[in-house]
Amino acid sequence: MTETGGPSAETRRPGSGFYTVGALGARCGISRSALLYYDAAGLLSPSGRSASGYRLYSEEDRMRLERIMAYRSLGIALDRIRRYLDAPERGPVALLLRRVFEINTQIEDLRGQQRLLLDLVEDEGSLEGARGRLHELGDLGRESGLDPARYAELHASFERNSPDSHRRLLALLGFNEADIRELLESLEKNA
């Protein structure tokens, strides 16, 4: 070990379990600058330094980084992740449940926006005659990379998550009750 408490030159041989910034970044799929930011933010400090002053990360550091990345992928803020990691005895349940409640609030906010958008579309009357132009919408979707299977997934998801808004949109597009029933039956069969 060096005076800083990090691994000595002898323990940093290949296979020693220590990673440089570049090696850890490559192993975990994260940029060097993100690792340096995590260090500056107090989320992930290297276990030691090489004789040349390079940051060296242990296997434990790598596992901590993987937890950080997992929590970030769930949309958890870095300051919350740091507080949790600094006091792991509390366990991750409170952190994860808080995120669940935040997501529920976001979903409700999005549903409110969805209803407002449909109100605006209805007020503008911009969908009058849109049923006849559905092929144009389909072309636009295909140009955006949506295939028919993806359209079906989008309709199924919309129906599952917000059935009233989905049916309202279909009606605004000019679908009659029989057309809507047929579409919903089709979605049910393909589920």
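The values are calculated or read from the model by the stated rules, or taken from the named source; none is laboratory data. For clarity, every value in this text was computed on a predicted model and none was experimentally measured. As a convention, Cβ positions derive from the backbone with ideal geometry for all residues, glycine included, and neighbour counts pool all protein chains shown.
What the table shows:
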item	result
Arg99 vs. criteria in contact with an Asp or Glu (Cβ under 9 Å, 6 or more places away or on another chain) and more than 25 Å from Leu24 (Cβ to Cβ)	no
Single unsatisfied condition, Pro7 versus (1) more than 30 Å from Phe101 (Cα to Cα); (2) at pLDDT below 95; (3) surrounded by fewer than 17 Cβ atoms within 10 Å (Cβ to Cβ)	(3)
Any pair with Cβ under 8 angstrom, 6 or more apart, that starts in region 45-56 at a residue that is outside any strand (DSSP E or B) and ends at one that is among the polar types (S, T, N, Q) and surrounded by 18 or more Cβ atoms within 10 Å (Cβ to Cβ)	Ser47/Ser58
Which numbered condition Ile76 misses (of (1) in contact (Cβ under 8 Å) with a residue 24 or more places away in the chain; (2) in a loop (DSSP other than H, G, I, E, B); (3) crowded, with 16+ Cβ neighbours inside 10 Å)	(1)
Extreme residue, farthest from Ala77 (Cα to Cα), among residues of region 91-109 that are within 16 Å of the chain's Cα centre (by Cα) and of a type in the set (A, V, I, L, M)	Ile107
Of residues in region 26-57 being surrounded by 14 or more Cβ atoms within 10 Å (Cβ to Cβ) and in contact with a Phe, Trp or Tyr (Cβ under 7 Å, 6 or more places away or on another chain), the one nearest to Arg82 (Cα to Cα)	Leu44
